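K.L.:
Before I ask anything, let me first share the structure, which is written out below as structure tokens.
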Ligand SMILES: [Zn+2]
């Protein structure tokens, strides 16, 4: 007992735990407990709907960080056959915050790359909580180039709070490592699909996230800065992250509106952690369809289309006073 | 008049998104150098290209000052001067983004944090872009990303080298993910530039951090820096919080980057024009050298 729960889902989880308890009792079989179970089930169903159907941006951020949220490793194990992990950047070392390798999905060979946060406390430490160093991004580049060479579609799974902000990162050129990936991915001659499965934290996320198709799981977020970081800059108080999360427009829905994200992958009500297998199945269906649609393109055409897509992201005003791109809301308040 | 008004304000101007302790130009007739604490005179400072005559500290320069410093007199022709930011998210933190933009415009006579155009440096034609830290900490939003992209496209069109003077506190937080995606956009165009065989030189000035350092700034063929400029991905304060200790002196400064193999050279401001001219002449000779007439050896 004592399942992990955020404050906003506390009362629901309490009821669920009570239900579990009653079910165990009901197994011994009085009619009274059976009808109690019935009632409670109905009550829970209602509450679940209320709790999760209109999540605030901050609640989504919380779900995206749920300790039981499925990780890159989970999705690889669930949807990739015969996975072969590839280690090392061939220059400095192997970064365990990033998993990279080859495998088959629905009969087609693919390359898969993703940040891995870790599932247990011990693994989280060993994986540096999914915060890569430069050698991680250089491993990514090496595997991406291999995918290009062998015409393998590339799938990247984003789940990081950001590149690791430490001294070793800076010494070994984290800026340059990320920049080189942004440039290389923009012209990689093989299809790329990226999915933010949990946290999409700034440049450290984008460093594996330039793609033909940019997708997000429903309860993931993608942001230029963590809500805590934003709150600390804006208000001098990182505990006001909830407000910052709303300001940043970091949800899948908002980012689809801004033209940054192309599609959203559904999660079960309450988040991927409530049914990792169902979520993996949804993800697989989407990935297979997206890749099927991309592999038919000639690689030259693919790269040109990807470039134009990236080239056109942004909202600004031209010298002629024309607004390019679509602002998210309140067009009447747009700067004159 | 209180004595303090003679001294530069310790508080850096610009929005909170700037990372690190960027040192602003002191105002007043004389003031204490923000680096060595010695008295310096405005006039003298200006005559020395905004470099402290006592300690060699390189103060930030405006875009116009830099263009004047490195380009041949009268050669600069600006493009895209009217391109400007809008407020795509309706961002209202402690103050609305539109107000931040208004204030920056009023204070700088700029419409955005980067200025670009065509020019010549020591008689070689170039496309030059210069970021100006006074404008919202030269953070990169959609308009900055667009202007950097246009500068690279202009260089491809003119078949001449691209020179970018970088400075930035990082991403323009008020534009959210649109700001982050400018990293992808500017990096993609630099990839095109390279595939078109156009040389690209970037000069990193104090400070070049965050999204700009992790995109076009570090993708140049030749990466130069001014002395002691703060250059890095994460801000020093963030790193200190993460590792729980003070950073060593000189960490993330130009000299540190040179030692770690991230820079080609550190070039003092007084030598910048000539160094750029020499490099450009090597990479993109202006006209084919005529073959020597037979028998003659020069
Ligand atoms: Zn000084």
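K.L.:
What number goes with the only condition from (1) more than 11 Å from chain A (Cβ to nearest Cβ); (2) surrounded by fewer than 24 Cβ atoms within 10 Å (Cβ to Cβ) that residue B:153 does not pass?
P.N.:
Checking residue B:153 against (1) more than 11 Å from chain A (Cβ to nearest Cβ); (2) surrounded by fewer than 24 Cβ atoms within 10 Å (Cβ to Cβ), the one that fails is (1).
K.L.:
Still on this model: Let me spell it out: the conditions are (1) assigned to a helix (DSSP H, G or I); (2) in the same structural domain as residue A:280 (by TED's automatic domain parsing); (3) surrounded by fewer than 18 Cβ atoms within 10 Å (Cβ to Cβ), and residue A:73 meets all of them except one. Which number is the exception?
P.N.:
Residue A:73 satisfies every listed condition except (3).
K.L.:
Continuing with the same structure: Which residues, counting only those in the stretch A:145-160, are in contact with a helix residue (DSSP H, G or I) (Cβ under 9 Å, 6 or more places away or on another chain) and either free of Cβ contacts under 8 Å to residues at least 12 places away in the same chain or surrounded by fewer than 24 Cβ atoms within 10 Å (Cβ to Cβ) (or both)?
P.N.:
Result: A:145, A:148, A:151, A:152, A:153.
K.L.:
Would you point out which residue out of A:233, A:310, A:291 is part of a helix (DSSP H, G or I), surrounded by 16 or more Cβ atoms within 10 Å (Cβ to Cβ) and modelled with pLDDT under 95? Lay out the reasoning, then the answer.
P.N.:
Numbers: A:310 fails: modelled with pLDDT under 95; A:291 fails: modelled with pLDDT under 95.
Among A:233, A:310, A:291, only A:233 is part of a helix (DSSP H, G or I), surrounded by 16 or more Cβ atoms within 10 Å (Cβ to Cβ) and modelled with pLDDT under 95.
K.L.:
Take residues that are within 16 Å of the ligand (Cβ to nearest atom) and over 21 Å from residue B:207 (Cα atoms) and tell me which of the strands (runs of 3 or more DSSP E) falling wholly in the stretch B:18-133 contain 2 or more.
P.N.:
On the way: elements: B:30-32, B:39-41, B:77-79, B:114-121, B:124-131.
Output list reads B:30-32, B:39-41.
K.L.:
While we're here: Among the candidates B:228, B:147, which residue alone is part of a helix (DSSP H, G or I) and either facing chain A (nearest Cβ under 9 Å) or more than 18 Å from residue A:185 (Cβ to Cβ) (or both)?
P.N.:
Working: B:228 fails: part of a helix (DSSP H, G or I).
None of the others qualify; the one that does is B:147.
K.L.:
So, in the stretch A:282-301, how many residues would count as being more than 14 Å from chain B (Cβ to nearest Cβ) and in contact (Cβ under 8 Å) with a residue 24 or more places away in the chain?
P.N.:
Within the stretch A:282-301, the subset more than 14 Å from chain B (Cβ to nearest Cβ) is A:282-299, A:301.
Adding the requirement that they be in contact (Cβ under 8 Å) with a residue 24 or more places away in the chain leaves A:283-284, A:286-288, A:290-291, A:294-295, A:297, A:299.
The qualifying residues number 11.
K.L.:
Given (1) surrounded by fewer than 22 Cβ atoms within 10 Å (Cβ to Cβ); (2) within 18 Å of the chain's Cα centre (by Cα), identify the lone condition not met by residue A:117.
P.N.:
Unmet for residue A:117, out of (1) surrounded by fewer than 22 Cβ atoms within 10 Å (Cβ to Cβ); (2) within 18 Å of the chain's Cα centre (by Cα): (1).
K.L.:
When you scan the stretch A:142-174, how many residues do you find that are assigned to a loop (DSSP other than H, G, I, E, B) and more than 10 Å from every other protein chain (Cβ to nearest Cβ)?
P.N.:
So the first thing to find is which residues in the stretch A:142-174 are assigned to a loop (DSSP other than H, G, I, E, B), and the list is A:150-153, A:161-166, A:172-173.
Filter again for more than 10 Å from every other protein chain (Cβ to nearest Cβ), leaving A:150-153, A:161.
The number of residues fulfilling the criteria is 5.
K.L.:
Which members of the stretch A:175-203 meet the condition of being within 20 Å of residue A:145 (Cβ to Cβ) and either at the interface with chain B (Cβ under 7 Å from one of its Cβ atoms) or part of a helix (DSSP H, G or I) (or both)? Write out each step before concluding.
P.N.:
Of the stretch A:175-203, the ones within 20 Å of residue A:145 (Cβ to Cβ) are A:176-194.
If the condition is that a residue be within 20 Å of residue A:145 (Cβ to Cβ) and either at the interface with chain B (Cβ under 7 Å from one of its Cβ atoms) or part of a helix (DSSP H, G or I) (or both), then A:176, A:177, A:178, A:179, A:180, A:181, A:182, A:183, A:184, A:185, A:186, A:187 are the ones that fit.
K.L.:
Separate question: State the number of residues belonging to the stretch B:196-214 that are over 23 Å from residue B:35 (Cα atoms) and either free of Cβ contacts under 8 Å to residues at least 60 places away in the same chain or more than 12 Å from every other protein chain (Cβ to nearest Cβ) (or both).
P.N.:
9
K.L.:
When you check residue A:11 against the structure, is it loosely packed, with under 15 Cβ neighbours inside 10 Å, more than 18 Å from residue A:269 (Cα to Cα) and outside the structural domain of residue A:67 (by TED's automatic domain parsing), yes or no? Give the steps one after another, and end with the answer.
P.N.:
Details: loosely packed, with under 15 Cβ neighbours inside 10 Å: yes; more than 18 Å from residue A:269 (Cα to Cα): no; outside the structural domain of residue A:67 (by TED's automatic domain parsing): yes.
Here the answer is no, as residue A:11 does not meet what is asked.
K.L.:
Then there is this: Do we find that residue A:110 is closer than 30 Å to residue A:154 by Cβ, within 16 Å of the chain's Cα centre (by Cα) and not in a loop (DSSP other than H, G, I, E, B) in this structure?
P.N.:
Here the answer is no, as residue A:110 does not meet what is asked.
The values are calculated or read from the model by the stated rules, or taken from the named source; none is laboratory data. Since this is a predicted model, take the numbers as computed values, not measurements. Using ideal geometry, Cβ is built from the backbone for each residue, glycine included, and neighbour counts are taken over all protein chains shown.
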